[in-house]
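The numbers here are math on the coordinates, done by the rules we state, and not lab data. Everything numeric here is computed off the predicted structure, so don't read it as measured data. Every residue, glycine among them, receives a Cβ derived from its backbone with ideal geometry; neighbour counts consider all protein chains shown.
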Amino acid sequence: MYLGKTAGVVHPVDALDRCVPLQISIGSVPLSLFIREQALLEPAIRRYREFAHNSEDGFPIVLEKRETRAEESGEFSYLLDDAKLVLRSQGAEFHGVRHEYALDSLLRILLTMVLLPQRGFLLHGATVVRDGRAYIFFGRSGAGKSTVASLSPKGSVLTDEISLIRYSNGCWQAHGTPFWGEFRAAGQNRLVPVAGFYLLKQATEERVEALSVKQALRALLPCVLFFTSEKRAHETLLRTLLGLIEEIPCHRLYFRRNAEFWKVIAA
Amino acid sequence: MSGQIMRNPKLAWREVDGEMVIISPEDSQVHELNETASLFWKHAEGKTLDELVERIAAEYEVARETARADLEELLAALGEKQLMFVAPEAKE
C-alpha cells in the first residue's frame, strides 16, 4: 500500500454531494474530513482549528454514521471500541464515530499508517522547541511528558503527549499535533528540526546518558504508536527508527520535577 | 534431526551492531539475540542440524558431540521463543 501521494484520488464513496470537507493538515499530511453530522462537525472544527489547511487534494476520510459491519474491510482496518477505521489506497472510512475523541483516536491510527512509508511516525512524547530546535521527551504513561511540558516556556511546547516525527527536506523534523494530553491545547501547526530524543526517567538528580543504537531502538520501539501486525510494516518501522538513530542523538534523561534538566541538556 | 532449520517467517528483524533485533508483529514483542545466537540466525537458515554440526566441528576444531549439544541447546532456546524451528522433512 502506498499512501504517499494523494493527488488524483477517487473518493471512497460516491454520495458526498452537499458535504463540504473539513480540510486539515497534520504532519504535512493533507486530510479532507467529510463529516455530515453537525453535532460532530462543530467540535471537530474547533479541535483542529490550528490545523486548518486549504487543499484540494487532501486524503479523503468519510465519516459514516452507521454502525460498523462485520464484512467491512480494506487494505487495513482497525476496530476501536465501537468505532472502526477502514483504510484503502484511495481514502479512508471512519464508521461509528460518536464523538470527537473517537475521531481523534482514529485520526492517530490513520496517520501512523499514512506516515509509515514516508519515514514518519507518532511517538508517546512531548516536543519542546528551544533555540529553534525540537527536543523530544518520550516515555510511557507517567514518565513525565506533561511535567516537562509544564516546566517549559509558554509557546515552546508543540505537544505534551503525542509527537509526530518525519524525515523531510533532508532532515528529521518534529511537527506540532492536535493530539494533546493534560494541556488540552489546540496545538501548533509548525515543524522544527529535531535536536535530540530524551527517554524520561524520574530521579533525584539531573543527568544525561547517551544511548547506544540498540538501547535507543529498545527505548523508542515501545513508545511508537503502531496498530498493524503486518510484517512489512514492522520492517519499515525498524528501518525508519534505525535511520533516525544514526542521525539524531538519543539519551536517557534523569530528571527531577523542575526545569534544571535544561542545564544538563545544554551542557 | 535432519529437517531444515528455518526462521519464523512472520518476524521482522534487523541487524544492529552485529546482533539481531527481532520483532514479533503479532504481539509487538521485541527479542534481542546475543552475538552467538545472531550468527546462528544469519547462517542456519535452510541448513540441517547435521550440516551445521559438521561445519562447526571442522571450523572450530571441537568434537561433533560438543558441537551438536551446543547447537541443540541454542535451537531449543530459539524454538521456545518461536523465533526458529526445524521444518518437518518432506516425505518421498
Exercise for the section: For every other residue with a beta carbon closer than 10 angstrom to the beta carbon of A:GLN215, add +1 if it is Lys or Arg and -1 if Asp or Glu, then tell me the sum. Expected result: +2
Handout entry: Per-residue mean of C-beta atoms belonging to partner chains within 10 Å, peptide A:215-222
Key = 2
Handout entry: the protein assembly as shown pair-distance distribution - Cα-Cα, 10 Å bins, rounded %
Key = 5, 22, 26, 21, 15, 8, 3, 0
Fill in the blank from the handout: Here Rg/Rh (Cα, Kirkwood) for chain B equals 0.98
Completion exercise
Given 37 °C, 0.692 mPa s and a Kirkwood radius over Cα pairs, the Stokes-Einstein diffusion coefficient of segment A:55-153 in µm²/s is 210 µm²/s
Fill in the blank from the handout: Helix-only [θ] at 222 nm, the protein assembly as shown, -39500 (n - 2.57) per DSSP H run of 4+, per residue, nearest 500, equals -8500 deg cm²/dmol
Practice task
Taking the Cβ of each residue in B:THR66, A:THR177, A:THR127 as the centre, tally the other Cβ atoms inside 10 Å and list the residues starting with the fewest.
Solution key: B:THR66, A:THR177, A:THR127
Practice task
For peptide A:226-236, compute the average count of partner chain beta-carbon atoms within 10 Å of each residue's beta-carbon.
Solution key: 4
Completion exercise
Inter-chain shielding metric for A:39-50, i.e. average beta-carbon neighbours from other chains within 10 angstrom, reads 0
